[in-house]
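These notes are about the structure you will find just below.
Any read-out appearing in this document is the output of simple, stated calculations on the displayed coordinates, not a laboratory observation. Every value quoted in this text rests on a predicted model; they were computed, and no experiment measured them. As a convention, Cβ positions derive from the backbone with ideal geometry for all residues, glycine included, and neighbour counts pool all protein chains shown.
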Amino acid sequence: MGYTVFHADAHEWQDRDDGSGRKVARLSDSMSQARANIWRYPSGAKGRRHADHVQEETFVILAGTPSLFLGEPPERVNLSPGSVVVVQPGTTLQIRNDGADEAMLFIVGAPPEQGGIDTFPDVEG
């Protein structure tokens with residue numbers, strides 16, 4: 001089949017199982033040229049601070065007001081629904097939701113191959 005439809009009320013949300021409370025709806029299994037997932041970050045949740053070796057990543061904010069911490073030293077970029085951030089391979093990043101409401105992000109990475117990541121200590125504050 002040449003397309004896949006993911007209806008909003010049919011997403012299968014999976015716990016990230018890292019104690020963060022984050023949930024992911026996996027879309028990547030239906031893709032051949034990129035990887036993509038929808039993420040839910042409850043208030044106070046944060047992702048792992050990392051730099052991807054190969055993938056360019058695009059972050060689209062669907063709901064909430066998360067922050068991305070980009071580069072070295074980290075620069076805080078506060079986001080709102082409709083914001084889009086493109087991050088080149090090798091750029092250190094961390095997503096954090098310091099807002100009171102849940103944040104929802106659509107995250108796309110290309111190419112689909114995972115070439116490894118470097119991890120770094122969390123951004124403080």
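Details
- For residue 36, distant residues with modelled amide H under 5 Å away: 27, 28, 109
- Nonlocal amide H pairs with residue 63, under 5 Å, H built at 1.01 Å: 104
- For 84, 77, order by how many other beta-carbon atoms lie within 10 Å, fewest first: 84, 77
- Whether segment 1-67 is rounded, prolate or oblate, judged on the alpha carbon gyration tensor where a/c under 1.5 counts as rounded: oblate
- Free of any GluC sites (Glu not before Pro) that DSSP assigns to a loop and that have at most 12 other C-beta atoms within 10 Å, the longest stretch within the chain is 13-112.
- Farthest towards the positive end of the charge dipole of the chain, among the residues 3, 85, 116, is the Cα of 3, using unit charges on the Cβ of Lys, Arg, Asp and Glu.
- Sparsely packed loop sites in segment 1-34 (the chymotrypsin sites (Phe, Trp or Tyr not before Pro) outside DSSP H, G, I, E and B with at most 14 other Cβ atoms within 10 Å) comprise 3, 6.
- Prolate/oblate/rounded call for the chain, Cα gyration tensor, a/c under 1.5 rounded: oblate
- The 3J(HN,Hα) values that the Karplus relation (6.51, -1.76, 1.60; θ = phi - 60°) gives for segment 51-66 are, in residue order, 10, 7, 6, 10, 7, 7, 10, 10, 10, 10, 7, 8, 7, x, 9, x Hz. Gly and Pro appear as x.
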